[in-house]
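Below: the structure, in structure tokens.
The values are calculated or read from the model by the stated rules, or taken from the named source; none is laboratory data. All of these numbers come straight from a predicted model, not from anything done at the bench. Don't worry about glycine lacking a Cβ; one is built from the backbone with ideal geometry, like all the others, and counts go over all protein chains shown. These area figures cover heavy atoms from the full protein model, side chains too; ligands, DNA and RNA do not enter into them. Shrake-Rupley method; radii C 1.70, N 1.55, O 1.52, S 1.80 Å.
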Amino acid sequence: MRDRLPRGVDAMLRRLLPGDLDGPIAGDLLEEYLDLRAHKGRVRAGFWVWWQAVRLSVMFRWERAAHGRPLPPIGDELRRPGHMWDSLRQDIGFGVRMLRRQPGFTGVALLALALGIGANTAIFSVVDAVLWRPLPYPESDRVLSIGEQRPKEGRTHGPVASADFYDWRRDSRSFVAMAGLDETSFNLSGGGEPERLPTLVASPGLLDVLAVAPGLGRDFRAEEEIDGRHHVVLLSDGFWRRRFGSDPSIVGRTITLNGNPYNVVGVLPAAFWWQTRVDIIVPNAPLAQVDSTRTLHWMRVVARLKPEVSLERARAELDAIGQRLSERYPGENTGHLPHAMRLQEAMVRDVRPALLVLLGAVGLVLLIACANVATLLLAKATGRQREIAVRVALGAGRPRLVRQMLTESVLLALLGGAAGLVVAAAAIAAFQTLLPAEFAGLPGIARIAIDARVLGVALIVATVTGLAFGTIPAVAASDLRVGAMLTEEGRGGGSGARSWRLRAALVVTEMALSLVLLVGAGLLLISFKHLLDVSPGFEPQHLVATPTVLPSSRYDNHAQVTAFYQALLERVRAMPGVEAAGVVSALPFGRQDARLGFQIEGRMMQSPIPVRAHPRLVSSGYLSTLGVPLLRGRAFTDRDADGAPDVVLINSAAARRFWPQDDPIGRRMAFGFGGTPRWMEIVGVVGDIKHASLDVESEPEAYLPFLQTNLSTMARSMGMTLVVRTRSDAAAMAPLLKAAVAEIDRNQPLGIVSQMDRLIADSVAPRRLNLWLVSAFAVLALVLTAAGLYGVMAYLVAQRTHEIGVRMALGASRASVLGLVIRQVGVLAIAGISAGAAGAAALTRFLATLLFGVSTTDPYVYVVVSLLVAGVALLAAIVPSSRAAGVDPVTALRLP
């Protein structure tokens, strides 16, 4: 076996390479070829050596044509991939030494990267846990939420009438199981302190939908959905352990819920999850009159697709069922259709836009951090020109230089990523502390952590970040000719001008991205201010509220229920510090509501809009306790009881919608579940109040005196909420209210006592959190931009020190020198602001769903933010410009 290159390789090298280079390069190739042939065989070694010969020949031709320089014989360029680890280790070691030599540069760069990567890692962990991870159910993508879409009312996925649910369940063939459910609270009494338990009322089949089996005992049976046979209960694992000490004999025992005996048939597994805290699950067995109505929408519906059925096929089947129901019940179901979506999508649809906006915001912060570090690397590369020149003179090729500098960049990014994980851990802890109560039920929110998946993403982000901010400086620094590098002194030379343009472009990019974030934060700030300026329609200050649900075993008729609340109101009104008190079936901002269709006496034609309102049972003092104004007519009195004519109050929204041209006072309307209408006379019109949110228009409401039996089942099934206007706070009122309830019924637990203004504040808490986070990212972006601009201007002054000295020696004043630097800043600021304004106009449209009372192109926001960015740019340039104006001409002229 001859120790020579394959035939043809020598000839090609002699023909295509200069005579002084073909021998050394052939020698390097032969050394590697022989080693590879001995270990991998002749064929593989032959392919390798031919590839290297062709590659080197092309590289020589390119280098000579493009740069006029020959290809140096460097063995490192010829080494096989198996030997490149040695070179990589050398690059890493050299990079570590370079970072240690410049602790100031390293510290600033690591701080910028830690903040950028840390913020991205923290927000990604939240978005990933909430939006992208599956629900904790087997094949959770097959679990659907089914609501009712009512386009005329602007609803796409609203609550469902129970009669419609039963028809869907009976007629559909696309689902393994379907279940209707509602969330409420039950009273637990006997065997200890009375307690209010968060309760899920669900039809049999819920656990089949979720593919969950009880940890102990059994699931509900189909016949336990019937009223009278529904007194069975499933306990949550946490409640079972807390209240019953994990007693395995609990199955088969009886507990008292709402004054009725319930047989415990099972205990849920410890891993069971629902979006709200659930202590118990009881069967849904509504009264027959509620069961049959199609105008009372209150139920949520979930279903599991059969394995062979697609979501599109299930939707088509549900649409067909909905059309049949519309034809069969035109008065109640016209314009109604089922609407199916995946359960996870339904759970997160309200927060998805906000989370994606946050993810985009931290992405912009990371880009700004990358641009900032890139400007630092460009400055660092300027100081390494002689080093690079020497390496090129000794034979280092451009790919080798780029690889070395990219290795340093990626190493810096990985160190920044490690520091970013610390920042991310702190940010996640702070986020969980600030988390609004409205977010507590989001899927995955309790599992937010830096796990293997988040670590993997952080590693990828750090690596890509290193390549992103390192590529431009590496390519720019390596694109210097040997002669130019050895003679370039930085006074307006070609490489100095190129470096200045690159750094200026990066700073303009930083300013543009910062302006986009600041405009977004400004829009959110104005939106939030407008939202807080919205009146809820009543006076929330000094109001406290607590819910109660009376057990039907002891309060099974209207007279007993009203007697309890009348006695409670009498005691509460006599308390010191109490100014007024009342009760209501659905408290504003209390997350409980229902709508019901009604008839208008004498109106026979089909209404172009749905004739529905939100019924509220209230005591005679409720509206005055809240401070709701009476606009027309009269208010309720205690004489509006059974035996007196049935009366009703409507709000202004109902009057505008259903009696736009008439005076509704004296007209009659009737709620009900079919049969003979029970007409109520409208005796007054009251002001509109916000019920669920400050940013939603008030809907038609009807207030009924709870002393009359019309819809009195609502008071027994939904309970009532006591509202008290007092000079005391909720903490001080809680024991007094608890004592008042115990005086009437010692087995009746008291619900949570809440302050009304706190409930309103909680309703806007998600918007507040979003505002805080976007504003924090915007401020961080602005600080990074200011730092980048300062670095660019300091570099400019250093580069032009000699020129400034000449100008001053020729008579230029300090003011003219200062103006020279300020003009440079002005050019950068105008370019950055212009690009940022265009980018903000394009990107802030994604904020539209998060804004209230402000346009995404509000000129006031753009002007203020532009002035802010310009001001920060000016401040960042003050020190460099002052330094330039203070240059000593004699000293400057002596500089080389």
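The figures follow:
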quantity	calculated
In the stretch 652-689, the residues that are surrounded by 21 or more Cβ atoms within 10 Å (Cβ to Cβ) and of a type in the set (Lys, Arg)	none
Among residues of the stretch 638-652, those that are assigned to a loop (DSSP other than H, G, I, E, B) and hydrophobic (A, V, I, L, M, F, W, C), counted	2
Some residue of the stretch 680-696 being within 21 Å of residue 624 (Cα to Cα), within 31 Å of the chain's Cα centre (by Cα) and acidic (Asp, Glu)	no
Test set (1) open to solvent by 10 Å² or more (accessible area, probe 1.4 Å); (2) in contact (Cβ under 8 Å) with a residue 40 or more places away in the chain; (3) not small (Gly, Ala, Ser) - residue 164 fails condition number	(1)
Where residue 696 falls short, out of the listed (1) surrounded by fewer than 17 Cβ atoms within 10 Å (Cβ to Cβ); (2) under 30 Å from residue 260 (Cβ atoms); (3) of a type in the set (A, V, I, L, M, F, W, C)	(2)
Test: residue 201 is open to solvent by 40 Å² or more (accessible area, probe 1.4 Å), part of a strand (DSSP E or B) and of a type in the set (A, V, I, L, M)	no
So residue 385, is it of a type in the set (S, T, N, Q), in contact with a Leu (Cβ under 9 Å, 6 or more places away or on another chain) and modelled with pLDDT under 80	yes
Considering residues of the stretch 167-198 that are closer than 12 Å to residue 300 by Cα and either in contact with a helix residue (DSSP H, G or I) (Cβ under 8 Å, 6 or more places away or on another chain) or of a type in the set (Val, Ile, Thr) (or both) only, the residue surrounded by the most Cβ atoms within 10 Å (Cβ to Cβ)	180
Count - residues of the stretch 755-777 that are touching a residue at least 60 places away in the same chain (Cβ under 8 Å) and either open to solvent by less than 30 Å² (accessible area, probe 1.4 Å) or among the β-branched types (Val, Ile, Thr) (or both)	9
Residue, most open to solvent (accessible area, probe 1.4 Å), within the stretch 229-271, restricted to residues that are closer than 26 Å to residue 547 by Cβ, part of a loop (DSSP other than H, G, I, E, B) and at pLDDT below 95	231
Given (1) at pLDDT below 60; (2) open to solvent by less than 10 Å² (accessible area, probe 1.4 Å); (3) among the small types (Gly, Ala, Ser), index of the condition residue 462 fails	(1)
The stretch 141-160 - residue that is within 21 Å of residue 293 (Cα to Cα) and among the hydrophobic types (A, V, I, L, M, F, W, C) and, of those, farthest from the chain's Cα centre (by Cα)	160
Condition check for residue 576: assigned to a loop (DSSP other than H, G, I, E, B) and more than 21 Å from residue 699 (Cα to Cα)	yes
Among (1) more than 17 Å from residue 342 (Cβ to Cβ); (2) in a strand (DSSP E or B); (3) of a type in the set (A, V, I, L, M, F, W, C) - the single one residue 178 does not satisfy	(1)
Count - residues of the stretch 418-444 that are in contact with a Leu (Cβ under 7 Å, 6 or more places away or on another chain), assigned to a helix (DSSP H, G or I) and at pLDDT 85 or above	3
Evaluation of residue 312 against (1) surrounded by fewer than 15 Cβ atoms within 10 Å (Cβ to Cβ); (2) part of a strand (DSSP E or B) (one fails), failing number	(2)
Contacts under 8 angstrom Cβ, first residue in the stretch 820-840 being over 10 Å from residue 515 (Cα atoms) and of a type outside the set (Phe, Trp, Tyr), partner open to solvent by less than 50 Å² (accessible area, probe 1.4 Å) and modelled with pLDDT of 95 or more, 6 or more apart	none
Qualifying residue in the stretch 847-855 (condition: without any contact (Cβ under 8 Å) to a residue 60 or more places away in the chain, closer than 30 Å to residue 763 by Cβ and open to solvent by 50 Å² or more (accessible area, probe 1.4 Å))	yes
Set 204, 269, 214: member being in contact (Cβ under 8 Å) with a residue 40 or more places away in the chain, on the phi < 0 side of the Ramachandran plot and touching a Phe, Trp or Tyr at 6+ places or on another chain (Cβ under 6 Å)	204
Counted residues, the stretch 628-643 - those being of a type outside the set (Lys, Arg), over 18 Å from residue 699 (Cα atoms) and open to solvent by 30 Å² or more (accessible area, probe 1.4 Å)	6
Residue tally, condition under 24 Å from residue 695 (Cα atoms) and touching a helix residue (DSSP H, G or I) at 6+ places or on another chain (Cβ under 7 Å), over the stretch 329-350	1
Pick from the stretch 316-355, criterion in a helix (DSSP H, G or I) and of a type in the set (S, T, N, Q), ranking: most open to solvent (accessible area, probe 1.4 Å)	323
Any hit, the stretch 478-495, residues being modelled with pLDDT under 80 and touching a Pro at 6+ places or on another chain (Cβ under 8 Å)	yes
The stretch 579-621, residues that are of a type in the set (Lys, Arg) and at pLDDT 80 or above	612, 616
Complete set of residues in the stretch 543-573 that are in a helix (DSSP H, G or I) and within 39 Å of the chain's Cα centre (by Cα)	none
Of all residues making up the stretch 98-123, the number that are modelled with pLDDT of 90 or more and not hydrophobic (A, V, I, L, M, F, W, C)	4
